[in-house]
Amino acid sequence: MTNRERFIKTLKCEPIGGQVPTFELVFFLTMEAFGKVHPSQRYYSQWNQMSYAEKSLHMNEMAQLYIDTAKKYGHSAIFVHPNPGDLEHIQWLLELIREKSGNEYFIMMHGDPTWGIPDGQTMMDFSIQMYEEPEKLNEESAKRVENALETARKLDERGHLLDGFALCSDYCFNVNPFFSEDAFDELIVPYLKEVIAEYRKMGYYSIKHTDGNIMPILKQMADCKPDAIHSLDPQGGVSLPEVRKIVGPDIALAGNVNCGLLQTGTDEECRTDVLRSLREGMENGRGYIFCTSNCAYTGLQLNRYEMMIEIWKEYGNYDRMKF
Amino acid sequence: MGILLEISENLQRGKAKNVKELVQQAVDEQIPAEEILEKGLLAGMNIVGEKFKNNQVFVPEVLMAARAMNVGAALLKPLLAQGDNVSKGKVCIGTVKGDLHDIGKNLVKMMMEGKGLEVIDLGTDVPAQTYVETAIKENCQIICCSALLTTTMPVMGEVVRAAEKAGIRDQVKIMVGGAPVTESFCQQIGADVYTSDAASAADAAVELCKAAC
Ligand code: B12
């Protein structure tokens, strides 16, 4: 089986045996790992001025960097941050990755039209709208869903090189969700449900990400039927077995290695946490993707990430469970 | 229902327009401004704070209530200024250098204002020296530091040292908070008070100010 096949079977919650699949939503530490700036951190101010040859060199180099990251850390999936981000360049990047690595990896990118926690500047205005003009927010949501689906459709028509979308709008703080259950029902659920269903009709998988304490809205999220729920952050008090109880056995679970601890804990604390996560995740024998509870973000020590991967190599195998 | 109770309840539901009208009505009925503030607006905000602390309401509800409070308080301000109403204490607050997370800091500020404290907001990315300079210039009883990143928490220790160096450590209390901050960290850096949520932060600040007066 290719990595892509293992990842897809896991999203379908089918047993795969062998190594538990892993990936990172974003692996920002490319400078330390490969001496290269992460594609999302690049600013190509003169892109349009570049000759085709120069653009092509940049595109090839980015595609290769994604593949090298996956290879080096045993990732089964690649999350792309197309840069530039217009359709033409998304397609170009996907073609290059497929050209270089065939169907080895599952490829995904951002695709969440639902509202997330607004930033500090707009939070007050957004909250007022939530209560006083929810219909305006919903009108906007409908448009955003249509735009997301339009992109998905165009990529589908151009060869369907992308496997799925990561829906990355954050709904929750560590203590609580931003949206109360009622607000979530009114403002998020209909659109989340629709976009996931439409992606599925086109053959795309959906991984719903949000960090923080998702427990109060977890059931609602699960009812929107994503293929996987991602991040399951212990910093937000989220526990894998508790989540499993609520969402049932047919939605894959991804994440849960405490990324805050990876940054601040001792080696021993991190090791214990990684092992706990693997043990709890593998318990069902299927439907589990190993990764951090957010991403390998800027500021995380690379050796900590590498330690986590070493433990996964040793213990993250269904055929020789050591727990 | 008494009008003050009505103000409190509308405030809790974030109905700024109703609060404004009701406060005006209460003023017209000759209810003293202090009483409208205390038993209407601040009473309502207190309840919101408690509910937030107990996870019964979330951030947007707190923001809506705070907006309603500000609208009502603005109406009362000129009347309060006429009387001998003095603020219960003065606080400066900011998110520490290198850190741009301000949602929690803003909630703490709102809750403190809801308790009748005067709060100077230094914004985000605030260097240690700025807290201390502001406390001296504005005569603050409390410095409040917020941090959400483990990498920026040490700046809080710098604030404590800067206050010592400026010779004001015995005149000013230093409060610290933000998701990664803990009681033991607070003690370790020699700050005075840590609380895990905004409502408790406001309660603690009021106590500190009382003790200082
Ligand atoms: C919103 C958010 C952002 C927004 C901030 C917008 C804004 N204007 O604030 C944006 C997108 C800009 C952002 C950026 C980053 N973020 Co951020 N962010 C968050 C998020 C989702 C929510 C934080 C929040 O507002 N919580 C809600 C408030 C209400 O809680 P609070 O601040 O803790 O406040 C409460 C109490 O602590 C207390 N309190 C707060 N202050 C004070 C002060 C005193 C004196 C007292 C007594 C009490 C008190 O009262 C409050 C209310 O009860 C968290 C993850 C999460 N799900 O919680 C990550 C998180 C904090 N961010 C994180 C990171 C890593 C970053 C970035 C470095 C990401 C990057 N790679 O660039 C950047 C850093 C930018 C910078 N230099 O600051 C990590 C921090 C990890 C760590 N342990 O250090 C977190 C935990 C995400 C994660 N799961 O890994 N982020």
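The values are calculated or read from the model by the stated rules, or taken from the named source; none is laboratory data. This is a predicted model, so every value here is computed, not measured. Positions of Cβ are backbone-derived with ideal geometry, glycine not excepted, and every protein chain shown enters the neighbour counts. These area figures cover heavy atoms from the full protein model, side chains too; ligands, DNA and RNA do not enter into them. Shrake-Rupley method; radii C 1.70, N 1.55, O 1.52, S 1.80 Å.
Some observations on this one:
- Accessible area (Å², per residue) of segment B:2-82, counting only protein heavy atoms and a probe of 1.4 Å: 47
- Per the Debye formula on identical point scatterers at the alpha carbon atoms of segment A:243-291, with no solvent, log10 I(q)/I(0) at q = 0.14, 0.16, 0.18, 0.32 Å⁻¹ is -0.37, -0.46, -0.56, -1.18.
- Relative to its residue count, chain B spans a Cα convex hull of 112 Å³ per residue.
- Taking 7 Å steps out from each Cα toward its Cβ at B:VAL27 and B:LYS210 produces label points 3.0 nm apart.
- Between 0 and 90°, nearest 10: helix B:59-82 axis offset from chain B longest Cα axis: 70
- From phi via Karplus (6.51, -1.76, 1.60), per-residue ³J(HN,Hα) for segment A:269-284 in Hz, x at Gly/Pro: 4, 5, 4, 4, 5, 4, 5, 4, 4, 4, 4, 5, x, 7, 3, 6
- Gap separating the Cα centres of segment A:111-169 and segment A:220-273, nearest whole Å: 24
- Positive dipole terminus of chain A, leading residue within A:LEU218, A:LEU192, A:ALA166 (C-beta point charges): A:ALA166
- Taken over the alpha carbons of segment A:105-213 as equal point scatterers, the Debye sum produces base-10 log I(q)/I(0) values at 0.14, 0.15, 0.18, 0.23 Å⁻¹ of -0.58, -0.66, -0.90, -1.27.
- Averaged over peptide A:164-177, the number of partner chain Cβ atoms lying within 10 Å of each residue's Cβ comes to 2.
- Distance violations [Cα-Cα > 23 Å] among A:LYS12/A:LYS201; A:LYS143/A:LYS225; A:LYS245/B:LYS51: A:LYS245/B:LYS51
- Other residues with beta-carbon under 14 Å from the beta-carbon of A:SER231 carry, at +1 per Lys or Arg and -1 per Asp or Glu, a net charge of -4.
- In the protein assembly as shown, the ratio of gyration radius to Kirkwood radius, Rg to Rh, stands at 1.02 when only Cα atoms are counted.
- Solvent exposure ordering (accessible area, 1.4 Å, most first) of A:GLU104, A:GLU181, A:GLU146: A:GLU181, A:GLU146, A:GLU104
- Across the options B:CYS140, B:GLY40, B:CYS209, the greatest Cα extent toward the positive end of the charge dipole of chain B (unit charges at beta carbon of Lys, Arg, Asp, Glu) belongs to B:CYS140.
- Kirkwood hydrodynamic radius (C-alpha pairs) into Stokes-Einstein, segment A:214-260, 37 °C and 0.692 mPa s, D in µm²/s: 308
- Placing dummy labels 7 Å off each Cα toward the beta-carbon, the span from A:ASN103 to A:MET321 is 3.0 nm.
- Annotation: for a label point projected 7 angstrom from Cα along Cα→Cβ of B:GLU164, residues of segment B:129-155 with backbone N closer than 16 Å are B:129, B:132, B:154-155.
- Among B:ALA65, B:GLN30, B:GLY2 - extreme Cα towards positive end, dipole of segment B:1-117, charges at beta-carbon: B:ALA65
- Quarter of Cα convex hull surface for segment B:1-59, i.e. mean projection, nm²: 3.9
- Estimated FRET transfer efficiency (A:MET307, A:LYS36; beta-carbon r; R0 22 Å; 0.05): 0.50
- Computed over chain A, the per-residue total of -39500 (n - 2.57) for DSSP H runs of n ≥ 4 gives a 222 nm mean residue ellipticity of -15000 deg cm²/dmol, rounded to 500.
- The alpha carbon centroids of segment A:5-69 and segment B:181-213 are separated by 45 Å.
- Taking Cα atoms only, the orientation of helix B:3-12 departs from the longest principal axis of chain B by about 50 degrees.
- Relative contact order, percent, segment B:2-82 [alpha-carbon distance under 8 Å, six or more residues apart]: 44
- Contact order, relative form, for chain A: 22 percent (alpha carbon pairs under 8 Å, 6 or more residues apart, mean separation divided by residue count).
- Residues A:LYS136 and A:SER239, FRET efficiency given R0 of 35 Å [Cβ-Cβ distance, rounded to 0.05]: 0.40
- For the pair A:ASP223 and A:GLU88, label points projected 7 Å from Cα toward Cβ lie 4.5 nm apart.
- Contact order, relative form, for segment A:99-192: 49 percent (alpha carbon pairs under 8 Å, 6 or more residues apart, mean separation divided by residue count).
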